[in-house]
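**Q** The structure's right below; bear with me while I get my questions together.
The values are calculated or read from the model by the stated rules, or taken from the named source; none is laboratory data. Quick caveat: nothing in here was measured; it's all calculated off a predicted structure. Here the Cβ positions follow ideal geometry from the backbone for every residue, glycine too, while neighbour counts run over all protein chains shown. Just so you know, the surface numbers come from the protein's heavy atoms only, side chains and all, with ligands and any DNA or RNA stripped out. Shrake-Rupley method; radii C 1.70, N 1.55, O 1.52, S 1.80 Å.
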Amino acid sequence: METTNLATLYDSPVLDWAGIEARLGRGLPQAPHAGGPDRHTCWLATINPDGSPHVTGIGALWTGGTFWFETGRGTRKGRNLARDPRCTLSVAAHEFDLTVEGTADLVTDAETVAELAALWAGQGWPARVDDTGLALTAEFSAPSAGPPPWHVYRLTVRAATALATVDPGGATRWRF
């Protein structure tokens, strides 16, 4: 891992990736009044066919050292990822703002899809594996996810940038 202090101008310390991961591991709830400023929304940026960015809010999970999210294959983000898996995800926690860059891969392992369904269900979204065993269904999802089935994606992080929002401050970029 290559670490770069982006705040040397202010003599700020390098942020610790292990601390960022530990904070993500405690969860970023989506419920109102559960995070900062009012809740934690992850923003996913994908690449449109003309090269322009497409940004949309998603409910991502951090587990196993990476972010996971779900969407319908027919949504704009689903079509964009099928064509070009490069993407960026950002989220604001109380302690830091974080952006991760990488690629999103469609999960085709039934066991992994089931594990993620259980994690989302444990957070209050009644996700369950559909009849194919490779996608999710539920009574509802975010409108931006499109209609079911919803497919699970794993974001393989290539780089991350965090900006501390609490003392002593700092901004750091990591390349993995």
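**Q** How many residues are assigned to a loop (DSSP other than H, G, I, E, B) and surrounded by 17 or more Cβ atoms within 10 Å (Cβ to Cβ) if we restrict to the range 42-68? Explain how you work it out, then say what you get.
**A** First pass over the range 42-68, keeping only residues assigned to a loop (DSSP other than H, G, I, E, B): 48-52, 59-60, 64-65.
Applying the additional criterion that residues be surrounded by 17 or more Cβ atoms within 10 Å (Cβ to Cβ) yields 59-60.
Residues meeting the conditions: 2.
**Q** Examine the range 102-112 for a residue that is farther than 21 Å from R76 by Cβ and among the hydrophobic types (A, V, I, L, M, F, W, C), and state whether such a residue exists.
**A** Looking only at the range 102-112, we keep the residues that are farther than 21 Å from R76 by Cβ, and these are 108-112.
Keeping just the survivors that are among the hydrophobic types (A, V, I, L, M, F, W, C) gives 110.
Yes, some residue in the range 102-112 is farther than 21 Å from R76 by Cβ and among the hydrophobic types (A, V, I, L, M, F, W, C).
Here is a yes/no grid of residues against (1) touching a His at 6+ places or on another chain (Cβ under 8 Å); (2) under 21 Å from R79 (Cα atoms); (3) among the β-branched types (V, I, T); (4) without any contact (Cβ under 8 Å) to a residue 60 or more places away in the chain:
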| site | (1), (2), (3), (4) |
| --- | --- |
| T99 | no, no, yes, no |
| A118 | no, no, no, yes |
| T132 | no, yes, yes, yes |
| L136 | yes, yes, no, no |
| E139 | no, no, no, yes |
| P147 | no, yes, no, no |
| W150 | no, yes, no, no |
| A159 | no, no, no, yes |
| T165 | yes, no, yes, no |
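**Q** Let me ask another. Being closer than 16 Å to D167 by Cβ and modelled with pLDDT under 95 is the filter here; which residues of the range 8-21 pass it? I'd like the intermediate steps shown before the answer.
**A** Applying the first criterion (closer than 16 Å to D167 by Cβ) to the range 8-21 yields 10-16, 19.
Of everything in the range 8-21, those that are closer than 16 Å to D167 by Cβ and modelled with pLDDT under 95 turn out to be Y10, D11, S12, P13.
**Q** Given T132, T108, T88, which one is at pLDDT 95 or above, open to solvent by 10 Å² or more (accessible area, probe 1.4 Å) and not in a loop (DSSP other than H, G, I, E, B)? Steps first, please.
**A** Details: T132 fails: not in a loop (DSSP other than H, G, I, E, B); T108 fails: not in a loop (DSSP other than H, G, I, E, B).
Testing whether each residue is at pLDDT 95 or above, open to solvent by 10 Å² or more (accessible area, probe 1.4 Å) and not in a loop (DSSP other than H, G, I, E, B) leaves just T88.
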